[in-house]
1. Considering every residue within region 67-74, establish whether at least one is at pLDDT 95 or above and either at positive phi or open to solvent by 80 Å² or more (accessible area, probe 1.4 Å) (or both).
2. Before we move on, is Thr375 closer than 19 Å to Lys355 by Cβ, polar (S, T, N, Q) and assigned to a helix (DSSP H, G or I)?
3. Note down all Cβ pairs under 7 Å where the first residue falls in region 273-301 and is under 17 Å from Leu316 (Cα atoms) and open to solvent by less than 10 Å² (accessible area, probe 1.4 Å), the second is basic (Lys, Arg) and at pLDDT 95 or above, and they're at least six residues apart or on different chains.
4. Examine region 235-258 for a residue that is open to solvent by 10 Å² or more (accessible area, probe 1.4 Å), touching a Ser or Thr at 6+ places or on another chain (Cβ under 8 Å) and assigned to a helix (DSSP H, G or I), and state whether such a residue exists.
5. Given the condition assigned to a loop (DSSP other than H, G, I, E, B), of a type outside the set (Gly, Ala, Ser) and under 30 Å from Arg90 (Cβ atoms), answer yes or no: does some residue in region 178-194 qualify?
6. When region 136-150 is examined, which residues are found to be more than 15 Å from the chain's Cα centre (by Cα), under 17 Å from Gly114 (Cα atoms) and in contact (Cβ under 8 Å) with a residue 24 or more places away in the chain?
7. For Pro102, state whether it is in contact with a strand residue (DSSP E or B) (Cβ under 8 Å, 6 or more places away or on another chain) and either open to solvent by 20 Å² or more (accessible area, probe 1.4 Å) or under 28 Å from His193 (Cβ atoms) (or both).
8. Determine whether region 221-229 contains at least one residue that is of a type outside the set (Lys, Arg) and without any contact (Cβ under 8 Å) to a residue 40 or more places away in the chain.
Amino acid sequence: MTESDLGAEALALDKQVFHSWSAQAHLNPIAIARGRGSRLWDHAGREYLDFSSQMVNVNIGHSHPKVVAAIAEQAAELATIAPPTANLVRGRAVAEILRHAPEGMTKVFLTNGGADAVENAIRMARLHTGRDKVLSTYRSYHGNTGAAVVATGDWRRLPNEYARGHVHFFGPFPYRSEFWSDSPEQETERALHHLERVILSEGPTSIAAILLETVPGTAGVIVPPPGYLTGVRELATRHGIMLVLDEVMAGFGRTGHWLARDGVDGGTVVPDLVTFAKGVNSGYVPVGGVMISEPITKTFDDTVFPGGLTYSGHPLAAASILAALQAMESEGIVANANRIGADVLGPGLRALAAKHPIIGEVRGMGVFWALDLVTDPQARTPVPPATIGAIKAACAERGLLVFAAENRIHVVPPCIVTDDEVARALAIYDEVFGALGAA
């Protein structure tokens, strides 16, 4: 069969696939054949620069040879084993994760992905505290399982609200402040006051956890203003509430740090639980997990933890984690993400904003950025969905794959992205925004 035949077959067979978050009759996917680094190719050989990192998870890039080799070698040695066994590669992967964990984290519970990591973190917090309620923000996404999707603040929770004990509040967002703030410092002060009022109104002794994305991702790459995360930690400690940081999207290089919390408030905030997935192995094998602080692990020293997964600590996933994290360290990949964000991508995006009024705000860090697109820069009126669809299609036509959410284009390339690749992407954005302005 020719490559053209293979592409046609892929698209024909895809009609039998039920796609997530989609109206099934309106799909028009690209059939991707192969990838390497920050680039993908379809069956016709057309190249695309991947500035979506797929689901903002391919941090190490596509088909990294060390990770691919580690998975193949592990498959040949031991393809699967049950969670109750001890397994060397699993233990080494956990040890590698804990090397990058906040202080006080002593164990890791491995899951199949980010959603069930959040699910189990909520369970641990509830059982440890003997309390029920979980507080999370309206601008958030925590996954598509029972409790995780109800902890989510955006529209996706609304058809799925079957879990109990969830309360939402507004987190800080200076560009679209809910608190009429006119500075980041004022936003922090007022957002913390709001959270404290919610805690007191709900009853502190009923609250098991405050669940926060360290840097909210799908909600808009909202880096918290200085002092906010520290203030949340203080409120949680004061009332005996567990602080759960969701690092599923923001962790393992995405922000230019091993964890996003390392780059917020000087990396001083110590949570009780941390959830992760995505960048820990760049999605080569489905995996996620929970980093657990010692007081919580001790709760289950003599009490059975009522949770488990058939594929928890799967050896192929563990091998991919170990290889990915070692490669990220030895090749300076996290440092590259930091440099790219500070010296190349951030300045380039701000230059675009100065040129194109449709870009209301540029925000982010590392290789984790959002362009907040508006029809009126003064009123900050979000562009309609049709505009985002047109931008996404125009970028794809020019060989650039983008991640879009609501009125935003999220600029989220792999952590290995080069200066030249950023320059190419910036030129495409410039051309697309210029064409919109001229229309």
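1. Kept after step one, since they are at pLDDT 95 or above, are these residues of region 67-74: 67-74.
If we keep only those that are either at positive phi or open to solvent by 80 Å² or more (accessible area, probe 1.4 Å) (or both) too, we end up with 73.
Yes; the residues of region 67-74 include at least one that is at pLDDT 95 or above and either at positive phi or open to solvent by 80 Å² or more (accessible area, probe 1.4 Å) (or both).
2. Details: closer than 19 Å to Lys355 by Cβ: yes; polar (S, T, N, Q): yes; assigned to a helix (DSSP H, G or I): no.
Considered against the rule, which asks whether it is closer than 19 Å to Lys355 by Cβ, polar (S, T, N, Q) and assigned to a helix (DSSP H, G or I), Thr375 comes out as no.
3. Correct list of pairs: Gly279/Arg254.
4. no
5. First pass over region 178-194, keeping only residues assigned to a loop (DSSP other than H, G, I, E, B): 178-183.
Filter once more, keeping what is of a type outside the set (Gly, Ala, Ser): 178-180, 182.
Within this subset, residues satisfying the condition of being under 30 Å from Arg90 (Cβ atoms) are none.
Checked against the condition, which is being assigned to a loop (DSSP other than H, G, I, E, B), of a type outside the set (Gly, Ala, Ser) and under 30 Å from Arg90 (Cβ atoms), region 178-194 yields no hits at all.
6. Of the residues in region 136-150, the ones more than 15 Å from the chain's Cα centre (by Cα) are 136-138, 145-147, 150.
After this cut, where a residue has to be under 17 Å from Gly114 (Cα atoms) as well, the list is 136, 145-147, 150.
Correct list: Ser136, Thr145, Gly146, Ala147.
7. On the way: in contact with a strand residue (DSSP E or B) (Cβ under 8 Å, 6 or more places away or on another chain): yes; either open to solvent by 20 Å² or more (accessible area, probe 1.4 Å) or under 28 Å from His193 (Cβ atoms) (or both): yes.
So Pro102 passes the test.
8. Going through region 221-229, the residues of a type outside the set (Lys, Arg) turn out to be 221-229.
Among the residues that remain, those that are also without any contact (Cβ under 8 Å) to a residue 40 or more places away in the chain are: none.
Scanning region 221-229, I find no residue that is of a type outside the set (Lys, Arg) and without any contact (Cβ under 8 Å) to a residue 40 or more places away in the chain, so the answer is no.
The values are calculated or read from the model by the stated rules, or taken from the named source; none is laboratory data. None of these values were measured; they are calculated from a predicted model. Virtual Cβ from ideal backbone geometry, glycine too; neighbours counted across all protein chains shown. SASA here: full protein model, heavy atoms, side chains in, ligands and nucleic acids out. Shrake-Rupley method; radii C 1.70, N 1.55, O 1.52, S 1.80 Å.
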